[in-house]
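S.K.: Got a structure for you, questions after.
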Amino acid sequence: MTVLQTAPVREQSVCVRCGFCCDGTLFMHAHLNDGERGNLPEKIEKAAFTEDEKDFFRLPCRYFSGKCTIYDCKRADVCSSYRCQLLKDLSDGKISIDAAHETVRQASIMRESIFKDFRRVTGSRRKMFFRQMLIELGRLQKTTSPDRSLGSDLDMLIARCNIFEALLIKHFRSEDDFEKMVMK
């Protein structure tokens with residue numbers, strides 16, 4: 001019998017408002033432990049792949065729809081064991097629950113503003129997640145000539161994405177990731 005791990009209620013309230021680890025904002029894929037493949041919910045199995053002899057599943061998770069729709073069911077170990085920096089800071093008493101909620105709120109607003117500008121600048125109406133948008137911006141940057149009007153708008157959008165990425169690393173990824181980024 002599998003016992004599902006559940007986060008403390010305070011952490012759950014932050015996760016429910018966020019979901020950046022599930023929706024493709026922080027990561028493009030999630031790690032699977034040895035032996036998990038073949039024992040996962042169908043949509044995770046369909047998104048699973050192997051690279052360098054390690055198993056992963058692609059994000060955004062197909063069970064994420066504003067929040068995890070299989071939270072009380074068997075899912076990948078990473079789904080219950082991953083703790084972002086915000087949760088660690090909350091658990092360590094470095095920030096209050098209200099500050100954690102506000103950080104998520106502000107990050108969500110910033111991300112939505114970036115998506116809005118991406119649609120305006122590119123004309124794309126395609127639904128995509130943040131990591132995918134970064135890839136698209138990189139492609140556009142390579143193919144846009146500097147003398148076209150799209151250039152300055154694109155450069156500004158990329159700068160905003162870089163700022164957002166730094167905030168994600170600082171508040172959601174890990175202190176080590178942030179330190180590596182600023183120490184380069």
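S.K.: Compute the FRET efficiency between residue 144 and residue 51 as 1/(1 + (r/R0)^6), taking r as their Cβ-Cβ distance and R0 = 30 Å, and round to the nearest 0.05.
M.R.: Result of the calculation: an efficiency of 0.45.
S.K.: Follow-up question, since we're still on this one. Mind checking the full-extension length gain between residue 128 and residue 155? Use 0.36 nm per residue of separation minus the Cα-Cα distance, one decimal, nm.
M.R.: Values: separation 27, 0.36 × 27 = 9.72 nm, distance 1.98 nm.
Length gained, residue 128 through residue 155: 7.7 nm.
S.K.: At 18 Å minimum axial length over the Cα atoms and a Kyte-Doolittle cut of -1.0, report the qualifying DSSP H helices in the chain, or say none.
M.R.: 97-122, 130-143, 150-168
S.K.: Given points 7 Å out from each Cα along the Cα-Cβ axis, report the residue 162 to residue 135 separation in nanometres with one decimal.
M.R.: Taking the simple label geometry, residue 162 and residue 135 are separated by 2.2 nm.
S.K.: Ok, one more. Rounded to the nearest 0.05, what FRET efficiency is calculated for residue 116 and residue 16 with R0 set to 30 Å and r the Cβ-Cβ distance?
M.R.: The pair residue 116/residue 16 has a calculated efficiency of 0.80.
S.K.: Continuing with the same structure: Reachable lysines from residue 43, Cα under 28 Å, same-chain residues fewer than 8 places away excluded?
M.R.: 54, 67, 74, 127
S.K.: On a full-extension model of 0.36 nm per residue, what is the gain between residue 81 and residue 99, subtracting their alpha-carbon distance, rounded to one decimal in nm?
M.R.: Here the answer is 4.2 nm.
S.K.: Now a separate question. Where does the charge balance sit around residue 73 when Lys and Arg score +1, Asp and Glu -1, over other residues with C-beta under 13 Å from its C-beta?
M.R.: Details: positive: 43, 74, 75; negative: 42, 72.
Summing Lys/Arg as +1 and Asp/Glu as -1 gives +1.
S.K.: With just the Cα atoms defining each centre, how far is region 103-133 from region 33-71? Give it in Å.
M.R.: If we compute the Cα centre of each part, the gap is 24 Å.
S.K.: Springs between alpha-carbon pairs under 10 angstrom, Gaussian network model over the chain: which of 87, 140, 168 fluctuates most?
M.R.: Comparing 87, 140, 168 in a Gaussian network model of the chain, the most mobile one is 140.
S.K.: Rounded to whole Hz and in sequence order, give me ³J(HN,Hα) for region 35-47 from the Karplus expression 6.51 cos²θ - 1.76 cosθ + 1.60, θ = phi - 60°, writing x for Gly and Pro.
M.R.: Here the 3J(HN,Hα) series is x, 6, 4, x, 10, 10, x, 3, 5, 6, 4, 5, 8 Hz.
S.K.: Another one. Where in region 47-69 is the amide nitrogen less than 19 Å from a point lying 7 Å along the Cα-to-Cβ axis of residue 28?
M.R.: 47-62
S.K.: Same structure, new question: Name the most mobile residue of 115, 49, 20, meaning the one with the largest mean-square fluctuation, in a Gaussian network model of the chain with Cα contacts below 10 Å.
M.R.: Highest fluctuation among the options: 49.
S.K.: Still on this structure, I have one more. Compute the Cα gyration tensor for region 20-139, then decide on rounded, prolate or oblate, letting a ≥ b ≥ c be the square roots of its eigenvalues: rounded whenever a/c is under 1.5, prolate when a/b is larger than b/c in the other cases, and oblate in all that remain.
M.R.: Note, shape of region 20-139 comes out oblate.
S.K.: Could you work out [θ]222 nm for the chain from helices alone, using -39500 (n - 2.57) per DSSP H run of at least four and dividing by all its residues? Round to the nearest 500 deg cm²/dmol.
M.R.: Counting only the DSSP helices, I get -16000 deg cm²/dmol.
A short reminder: the numbers here are calculations on the coordinates, not readings from a lab. Remember, it's a predicted structure, so these values are computed and weren't measured experimentally. Quick reminder, even Gly has a Cβ in these numbers, built from the backbone with ideal geometry, and neighbours come from all protein chains shown.
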